[in-house]
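Read the structure below first, then the notes.
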Amino acid sequence: MTLKAFEDILFLSTIKNRRQRDFSPDDQHINVKAIMKIVRFQLLALFFLSITSYAQDECVRGEPEPIIDDEKSVSSYFATVGKEGELEENFVLSNGQGVKIRQYGCAHFGLAYQFHLAGVNNPEKVRLLKATMASIAKVSGSFTPSISDAISQLKEGEDIPEEITLMEGYEMLYLSRENTSDGELFVVQYDVAL
């Protein structure tokens, strides 16, 4: 229930109370009962409003903000806000690489970077992965440069396992990959406890 809806309820109940008072001036005990019902209803509405606003503000992370600093530095940019404060940004880098960044979490802050690398042989995967994360770091702020630095520690020419943990502890960084019809889907997932 929004504050506007609550104000509307108060206004309508006040009008109803005035009408009852105008039509039955001699019957004060009925007006007192009507007023008590209205006051109880208003108190319940106020209580419900306070509970719902508390539930919305309960998330430690707060409202998500876009990771991409300048939408003009990428093409086909669009962002959607999902349930529970999730934010998903989709865009295309200058090299034509499509990327999705998803923010999630409440008592922790999570970022998931997703992109496909199609038709790439094993020795080239690490180089392209590093280049893609470096390109994302150039157009975004916040945590992306440190994530890109962690990815840059992978050795070129080596095969990337299906899942690997690059950082553990207060900050976690995972890399996973899976085969899809569009090529290999890489997911770089960053998570930090708040």
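The values are calculated or read from the model by the stated rules, or taken from the named source; none is laboratory data. Because the structure is a prediction, the values reported are computed rather than measured. A quick note on method: Cβ atoms are made from the backbone with ideal geometry, for glycine too, and the neighbour counts reach across all protein chains shown. All accessible areas refer to the heavy atoms of the entire protein, side chains included, with ligands and DNA or RNA removed. Shrake-Rupley method; radii C 1.70, N 1.55, O 1.52, S 1.80 Å.
Can you say whether LEU128 is without any contact (Cβ under 8 Å) to a residue 12 or more places away in the chain, open to solvent by 30 Å² or more (accessible area, probe 1.4 Å) and of a type in the set (A, V, I, L, M, F, W, C), as far as the supplied structure shows?
Working: without any contact (Cβ under 8 Å) to a residue 12 or more places away in the chain: yes; open to solvent by 30 Å² or more (accessible area, probe 1.4 Å): yes; of a type in the set (A, V, I, L, M, F, W, C): yes.
So LEU128 passes the test.
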Which ones in region 66-84 are surrounded by 12 or more Cβ atoms within 10 Å (Cβ to Cβ), within 16 Å of GLN103 (Cα to Cα), at pLDDT below 90 and not aliphatic (A, V, I, L, M)? PRO66, ASP69, GLY82
Every residue from region 111-145 that is farther than 18 Å from ASN90 by Cβ and either modelled with pLDDT of 75 or more or within 26 Å of the chain's Cα centre (by Cα) (or both): GLU124, LYS125, VAL126, ARG127, LEU128, LEU129, LYS130, ALA131, ALA134, PHE143, PRO145
Region 98-110, subset closer than 18 Å to ASP69 by Cβ and buried (at least 18 other Cβ atoms within 10 Å of the Cβ), residue farthest from the chain's Cα centre (by Cα): VAL99
If we ask which residues in region 133-169 are touching a residue at least 40 places away in the same chain (Cβ under 8 Å) and in contact with a strand residue (DSSP E or B) (Cβ under 7 Å, 6 or more places away or on another chain), their number turns out to be 6
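Yes/no per residue for (1) outside any strand (DSSP E or B); (2) open to solvent by 60 Å² or more (accessible area, probe 1.4 Å):
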site	(1), (2)
PRO145	yes, no
GLN153	yes, yes
GLY157	yes, no
LEU166	no, no
LEU173	no, no
GLU184	no, no
VAL192	no, no
Just to be sure I understand the filter: pairs with C-beta atoms under 9 Å, separated by 6 or more residues or on different chains, first member in region 70-87 and under 23 Å from CYS106 (Cα atoms), second member part of a helix (DSSP H, G or I). Which pairs pass? ALA79/GLU71
Any idea which of (1) open to solvent by 50 Å² or more (accessible area, probe 1.4 Å); (2) among the aliphatic types (A, V, I, L, M); (3) closer than 25 Å to SER76 by Cα is the one VAL92 doesn't satisfy? (1)
